[in-house]
1. Scan segment 292-344 for residues that are among the acidic types (Asp, Glu), at pLDDT 95 or above and within 19 Å of the chain's Cα centre (by Cα) and jot them down.
2. Filter segment 218-243 down to residues that are over 19 Å from the mean Cα position of the chain (by Cα) and assigned to a loop (DSSP other than H, G, I, E, B) and give me whichever is nearest to Thr254 (Cα to Cα).
3. Being touching a strand residue (DSSP E or B) at 6+ places or on another chain (Cβ under 6 Å), in a loop (DSSP other than H, G, I, E, B) and at pLDDT below 95, is that true of even one residue in segment 251-273?
4. With the condition being under 16 Å from Gln84 (Cβ atoms) and touching a residue at least 24 places away in the same chain (Cβ under 8 Å), I'd like the strands (runs of 3 or more DSSP E) fully within segment 461-511 carrying at least 1 qualifying residues.
5. Would you be able to tell me the number of residues in segment 380-420 that are part of a strand (DSSP E or B), crowded, with 18+ Cβ neighbours inside 10 Å and of a type in the set (A, V, I, L, M, F, W, C)?
6. Report whether or not Ser51 is surrounded by 24 or more Cβ atoms within 10 Å (Cβ to Cβ), at pLDDT 50 or above and either in a loop (DSSP other than H, G, I, E, B) or out of contact with any Cys (no Cβ under 6 Å at 6 or more places or on another chain) (or both).
7. Please work out which residue is surrounded by the fewest Cβ atoms within 10 Å (Cβ to Cβ), limiting yourself to segment 32-48 and to residues that are at pLDDT 95 or above and over 10 Å from the mean Cα position of the chain (by Cα).
8. Can you tell me which residues in segment 302-321 are of a type in the set (S, T, N, Q) and either surrounded by 17 or more Cβ atoms within 10 Å (Cβ to Cβ) or part of a helix (DSSP H, G or I) (or both)?
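The values are calculated or read from the model by the stated rules, or taken from the named source; none is laboratory data. Since the model is a prediction, treat every value here as computed from it, not as a measurement. Glycine also receives a Cβ, built like all others from the backbone with ideal geometry; neighbour counts cover every protein chain displayed.
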Amino acid sequence: MTTKCARIATAFLPVLLWLVAGNPSNAAAASDSGANATQDVLEHHGNAARSGLFVVPGLTWDRAGHLRRDPDFRAEVAGPVYAQPLYWRFPGSAKALLLVATERNLVYALDAETGATAWKASLGPPVPRSSLPCGDIDPLGITGTPVIDERSQAMYLDAMVAGQSGGAPKHLIFALSLKDGSVLSGWPIDVEAALKASGKNFDAVVQNQRGALTVVGGTVYVPYGGHFGDCGDYRGWVVAVSLSAPHAVRSWSTRARGGGVWAAGGVSADSRAIYVATGNTIGARAWGDGEAVIRLGLDLGFSGKPRDFFAPADWQQLDAVDADLGGTDPLLVSLPGATPSELILALGKDGNAYLLDRQNLGGIGGGILVKKVSSDAIRTAPAYFRTAGEAFVAFAGRGIDCPATTRGDLTVLRIAAGSPPELSVAWCAEERGRGSPMITTTDGSANPIVWAVGAEGDNRLHGFRGDTGAVVFSGGGNAEAMGQVRRFQTLIAAGGRLYVAADQRIYAFKF
């Protein structure tokens, strides 16, 4: 299959010469804070728990106001970008790569300091909208955020590739060497063909791959949903592929039609399990795994017992009005002092927050609490930081019960430790778009700043104090203006910079 995919690996910079200097790492953050305490960003929101919390020493509330776009960083790419960039520093190297995947099925490795292209890989022609029964991305190529595996020094992703000689489009899972972008032996995996060989029906034409991937225990997990418009007999799927034996493919899918795993944050995970949020099912008279948070074993086994899933009691009504639970990834929150202390927060298109006990999800109508927190549908990836006895969760959505002094389309919730925990709206602010927020601190907890891009709005970067919502960066001047940033896009923090991916160009900000 590799020989059938067009592949370009052009080394404009000698990547291998980058392996000569030290690789300083930031060990300032406590390991249990949920923060990304290294210089690498290997997956969506920094980790499999999807905390979206990054450590940037020196980026205090005061210094945030001095943020400016780096004029020495110039990076151009071809095609719209929905996937979050990744950041990789080879062991022993002083240089770093910024990895960017586009809807044209192009993957770029950029010098993280200058933006110069180190290598570029082309994974085959993307699929035009006219070749699909429905959808809202044209062309459709790489949408879900890839994941980097440190051990194999490879990046894993799903690309929607046009069929050859009039054939049907395919979902192909690739493994790319970070040294030069070459496809590793045994890859890519044709998902439809691999599942058909095990007696399962996966129709690649009606399935979309929008959610972020993750790697746990030597296995890559890839979520699938449908296209915008809910056409065809699609399902919510999670496909697991062994990194060492790519022919070993496992899967789980919803029983009812629909129920896509489509949130930008994709699958969440801890060391024991995979967690997915599913969307609306179509025509289901009995619950068929939709409108739910579901815990799967690392082998993708699902017990079906109430402790391993949660669905709202009104799941049929949510189905009927397309107000599904699956608009955000399940956020894994640890809150010492609370009972229970290991939590999951799910945020729905119905504007509700569902707080769950991670050890016992509660079945239909179970869970710890449900609270209406937004007048808008919630569709972006949330992020959180923690203080003593409290966790603060940021999401894009117009908050309900905001403090009188704050209003806007960015909302931060407070989860207070208790038995059970309590949930309230802490503050709201104006993001002016539909980007997914992330959070920086200087050491894992101090100087929390909630950052978000006004994606498909003002396309400006905005920063707010995590404790109060006070503006610390209001978008900058003319030099800080950006091109079109796609909905749900989230920025990353690495190497002393903030990076934002937009159509055709990547931007770097320094303070």
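1. Within segment 292-344, Asp329 is the sole residue that qualifies.
2. If we take residues in segment 218-243 being over 19 Å from the mean Cα position of the chain (by Cα) and assigned to a loop (DSSP other than H, G, I, E, B), then Tyr234 is nearest to Thr254 (Cα to Cα).
3. no
4. 461-465, 492-494, 497-502, 505-510
5. First pass over segment 380-420, keeping only residues part of a strand (DSSP E or B): 383-387, 390-396, 399, 410-416.
After this cut, where a residue has to be crowded, with 18+ Cβ neighbours inside 10 Å as well, the list is 383-386, 390-396, 399, 410-413, 415.
Next, only the ones that are of a type in the set (A, V, I, L, M, F, W, C) stay: 383, 385, 391-396, 410, 412-413, 415.
Residues meeting the conditions: 12.
6. On the way: surrounded by 24 or more Cβ atoms within 10 Å (Cβ to Cβ): yes; at pLDDT 50 or above: yes; either in a loop (DSSP other than H, G, I, E, B) or out of contact with any Cys (no Cβ under 6 Å at 6 or more places or on another chain) (or both): yes.
The answer is yes for Ser51.
7. Across segment 32-48, the extreme among qualifying residues is Asp40.
8. Residues of segment 302-321 that are of a type in the set (S, T, N, Q), as a first pass: 303, 316-317.
If the condition is that a residue be of a type in the set (S, T, N, Q) and either surrounded by 17 or more Cβ atoms within 10 Å (Cβ to Cβ) or part of a helix (DSSP H, G or I) (or both), then Gln316, Gln317 are the ones that fit.
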